[in-house]
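A.B. asks: Sharing a structure with you now.
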Amino acid sequence: MINTRVQAETFDVATESARLTSGSRDIGALVSFTGLVRGDAGDTLTLEHYPGMTERMLQEIATEAERRWALSGGLVVHRYGRLSVGDPIVLVLIAARHRGEAFEAANFLMDWLKVKAPFWKKDADGWVEAQGSDDVAAERWS
């Protein structure tokens, strides 16, 4: 099962990876993606979301990944609140017997999170518009 969390606090990739794989003997691949806040030094990014709705959407996306690929488990953590350049913003961990399924599922999750997860980003210039390239990337999974 892929677990999902929405939180303000940071996460530790090593701790989350160890927790996911602990005691498992069927995991042959663990794919990890950590998204970071980019920008110039001193910049900040504020993420807002609708509690309840956001968690449900992340779980729906995770359930779809489980339907498409034979996975041993996974975790999606997405942060909200005020973040600085270099802060981790999203974590996707996917465990599977084989690397191909793990990579595909992780790519799918990130592509769909970018366009389907209800988060709103605001930087020093105002609200950040969605990128058309994110829509194109997500279309390949339709």
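Taken together, the values in this text are just the output of simple stated rules run on the coordinates, not laboratory data. Keep in mind the model is a prediction, meaning the values are calculated, not measured. FYI the Cβ positions are ideal-geometry reconstructions off the backbone, even for glycines, and counts take in every protein chain you see.
A.B. asks: Show me the strands (runs of 3 or more DSSP E) entirely contained within the stretch 1-89 in which 2 or more residues are over 23 Å from residue 104 (Cα atoms) and touching a Leu at 6+ places or on another chain (Cβ under 9 Å).
C.D. replies: Qualifying strands (runs of 3 or more DSSP E): 44-49, 81-84.
A.B. asks: All but one of (1) more than 14 Å from the chain's Cα centre (by Cα); (2) on the phi < 0 side of the Ramachandran plot hold for residue 113; state the number of the condition that does not hold.
C.D. replies: (1)
A.B. asks: OK, next. With the checklist (1) outside any helix (DSSP H, G or I); (2) crowded, with 17+ Cβ neighbours inside 10 Å in hand, flag the one item residue 106 doesn't pass.
C.D. replies: Unmet for residue 106, out of (1) outside any helix (DSSP H, G or I); (2) crowded, with 17+ Cβ neighbours inside 10 Å: (1).
A.B. asks: So which of 73, 52, 86, 81 ends up being surrounded by fewer than 20 Cβ atoms within 10 Å (Cβ to Cβ) and free of Cβ contacts under 8 Å to residues at least 40 places away in the same chain?
C.D. replies: Just a single option satisfies the conditions, and that option is 52.
A.B. asks: For the stretch 116-142: of the residues being in a strand (DSSP E or B) and among the hydrophobic types (A, V, I, L, M, F, W, C), which is nearest to residue 65 (Cα to Cα)?
C.D. replies: 119
A.B. asks: Then there is this: Taking the stretch 29-42, which residues are of a type outside the set (Gly, Ala, Ser) and either free of Cβ contacts under 8 Å to residues at least 40 places away in the same chain or surrounded by 15 or more Cβ atoms within 10 Å (Cβ to Cβ) (or both)?
C.D. replies: Of everything in the stretch 29-42, those that are of a type outside the set (Gly, Ala, Ser) and either free of Cβ contacts under 8 Å to residues at least 40 places away in the same chain or surrounded by 15 or more Cβ atoms within 10 Å (Cβ to Cβ) (or both) turn out to be 30, 31, 33, 37.
A.B. asks: Let me ask something additional. Return the pair list, or none, for Cβ contacts closer than 8 Å from residues in the stretch 6-28 that are at negative phi to residues that are of a type in the set (D, E, K, R) and in a loop (DSSP other than H, G, I, E, B), at least 6 apart or on different chains.
C.D. replies: Between residues of the stretch 6-28 that are at negative phi and residues that are of a type in the set (D, E, K, R) and in a loop (DSSP other than H, G, I, E, B), the close pairs are 10/87; 26/97; 27/97; 28/97.
A.B. asks: Do the conditions hold for residue 94, that is, is it in a strand (DSSP E or B), without any contact (Cβ under 8 Å) to a residue 60 or more places away in the chain and either out of contact with any Cys (no Cβ under 9 Å at 6 or more places or on another chain) or closer than 20 Å to residue 129 by Cα (or both)?
C.D. replies: Taking the combined requirement at face value, the residue does not satisfy it.
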